[in-house]
1. Of B:Asp229, B:Asp256, which residue is closer than 30 Å to A:His246 by Cα and touching a strand residue (DSSP E or B) at 6+ places or on another chain (Cβ under 9 Å)?
2. Could you list, in sequence order, all residues of the stretch A:145-172 that are more than 11 Å from chain B (Cβ to nearest Cβ) and hydrophobic (A, V, I, L, M, F, W, C)?
3. Given the conditions (1) among the aromatic types (Phe, Trp, Tyr); (2) within 24 Å of A:Gln142 (Cα to Cα); (3) out of contact with any Phe, Trp or Tyr (no Cβ under 8 Å at 6 or more places or on another chain), which single one is not true for B:Tyr149?
4. If a residue must be at pLDDT below 95 and of a type in the set (D, E, K, R), how many such residues does the stretch A:275-295 contain?
5. Select from the stretch B:154-182 the residues that are in contact with a strand residue (DSSP E or B) (Cβ under 6 Å, 6 or more places away or on another chain) and either surrounded by fewer than 23 Cβ atoms within 10 Å (Cβ to Cβ) or of a type in the set (A, V, I, L, M, F, W, C) (or both) and list them in ascending order.
6. Only one residue in B:Lys259, B:Lys239 is without any contact (Cβ under 8 Å) to a residue 24 or more places away in the chain and touching a Pro at 6+ places or on another chain (Cβ under 6 Å), so which one is that?
7. Hey, can you tell me all the residues within the stretch A:168-179 that are in contact with a Phe, Trp or Tyr (Cβ under 6 Å, 6 or more places away or on another chain) and either part of a loop (DSSP other than H, G, I, E, B) or under 22 Å from A:Ile227 (Cα atoms) (or both)?
8. Residues in the stretch A:203-232 that are within 20 Å of A:Thr146 (Cβ to Cβ), surrounded by fewer than 18 Cβ atoms within 10 Å (Cβ to Cβ) and in contact with a Pro (Cβ under 9 Å, 6 or more places away or on another chain): how many?
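The values are calculated or read from the model by the stated rules, or taken from the named source; none is laboratory data. If you're wondering where the values come from, they're calculated on a predicted model, not measured in any experiment. Heads up, the Cβs are rebuilt from the backbone with ideal geometry, glycines too, and the neighbour counts pull from every protein chain shown.
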Amino acid sequence: MPFRPGSARARQRSVLLVGSAVLLAALVLAVVLASLLTHEKQEVGPKMMKWKDRGTTKNLREVILGRCYSYVMARYPELGDKDCLKIWESLKQAFIYKNPCNITSEDYEPLMELATHPIPCNKSLLWSKTSDLVHRYTKSNQNFLTLEDTLLGYMADRVSWCGDPSDPGINYESCPKRSECESNPSSVFWKMASKLFAEAACGVVQVMLNGSVEAGAFRSSSIFGSIEIFNLNPDKVTEVHIWLMHDIGGPQSESCSGHSIKRLKSILEERNFKITCVDNYRPVQLLQCVHNPDHTDCRLCTNTT
Amino acid sequence: MMKSLFLSVLLVSVLFMNSFSEVQGKKWKGEGTTQNLESIVIGRCYDYIGIVNPAVGEKNCSAIWEAFKNAFINKDPCNILPNDYELFINLSFHTIPPNKSLFWENNQLLVNSFAGRGRRYMSLADTLFGFVADYLNWCGQANSAGLDYESCPTTEECENNAVESFWRKASATYAQHSSGVIHVLLNGSVVGGAYPEPGFFADYEIPNLQKDKVSEIVIWVVDDIEGPDIESCGTHTVKILENRLKTLGYDVTCTDNYKSVMFLLCLDYPDDSKCTLSSAVFSVDGSLLSDGPFTDTGTIWSVVVSQL
């Protein structure tokens, strides 16, 4: 089209037209970009709740299955009837897509039923504030079993899990701490498993407590103090043997005649259990000496260089 | 008459042969492949990298399983060589911290406990490549992609079987990458000798130690608490070992009944005289008794007995 010389208004109009076309294009571009970005964010799941503790263990399914099969194969061949796939499914159903602050013991019922197994009498070993020592002990001496040496505890030890109502239903980023909410998947699991473990105990029950802890060897707020002692069955359990261990070279805050032990004794006596208490039960003290062979507490009677 | 007798003999012998072959039906004398082997190996792999020792970083556990399986699947189970596991080792390999290597003979459970899940020492079973296979059994079959769950060849039946070759390769790798102070735990109560030859340590580990990476070799000879003191440092096979290592140019020290390990053995024999501690004890009322040596009759227990 030939340019009409001298028409300023026409030039103005065309500038305006071009300008608004550019503006419109820019707007459209901006809208498209914005929708793309927000769409991406939605796919990542901004709706998943954020918590203070570590998230679900990566490859949880593989880890749980591997541990289940390992346990059934290696440690207790007589448990051959455990269906590890079913066990995994029941664990998953207990928490997937659920609000991790709303977990109940009913959620874990199917899992507990599938995975619990009887414990031989006189072998149950309860513990409080002695995790490292007690598990080193049961690893070296297969005469005793802690909860973490049963199938349930073995699968769950050092593993974490929690769900979330939004996809994919499992939160791998974070999980609630107990301080954030009590009814979280981990706390509910361990409380329930501990209760069942105590209920299954028969004969003599052993307990390893820490006499070097400032707050006292026995605490009512611990799982041992609040759940396990109240779920021991007086018809099955005959005696409770307390092993009160002090750290090698550590403070001897409490011994068998201490306050909290007296309190523990009276609770147990009220339920008709016979109780004994030993300071520094020798086999466990020997285990402590493995890491402190030259400490004065670990001097052997026989001549050593 | 003769015919019926012959037929009944035939019948009986056929039946006998059937039941005989049922008993003899297993190809090999060893146990079959561990059930759910794949799930266990893969699960242990993720367990190790995620929980047991995250310091090793990311590993591809499915690829590790595939490489492991392909070393022995679809082959003559008596013709598996250590280098068939080369890819498996490459994928699962990680460095071993210096001064943490712990070699051993004839005391597997003790070593497991003593190593402390890799925290004090890192034995072969505490590496990823050892961890995934520990206590497991496996073998394949020629012309079949399946695992043999019925039976597997023992080393007596054929040396180049899947499991034996695996541990030969794993042991060699472990030795090759060990550095700093090397520890060896031997059993001084074993009849065959504390340092067995042939043996894994002798044949697959010593030859693969790297002279320029190893600063010292520390030998511990420990007797079973109630076992005989058959060998000690400087005697019999231990002497052979010490000489061999010295000839190879290593700095060697040897200790009998290393205390730390003794304590561990004492767990099962707390009242043995070798295990008596001379530590202080509490009296019945909880007060500390003064330090003093103990008699061999053992520690005085502080016992608080409840009402009957």
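1. B:Asp256
2. Across the stretch A:145-172, the qualifying residues are A:Leu145, A:Leu147, A:Leu151, A:Leu152, A:Ala156, A:Trp161, A:Cys162, A:Ile170.
3. Among (1) among the aromatic types (Phe, Trp, Tyr); (2) within 24 Å of A:Gln142 (Cα to Cα); (3) out of contact with any Phe, Trp or Tyr (no Cβ under 8 Å at 6 or more places or on another chain), the lone unmet condition for B:Tyr149 is (2).
4. 2
5. Selection gives B:Thr154, B:Gly180, B:Val181, B:Ile182.
6. Just a single option satisfies the conditions, and that option is B:Lys259.
7. Selection gives A:Gly169, A:Pro176.
8. 1
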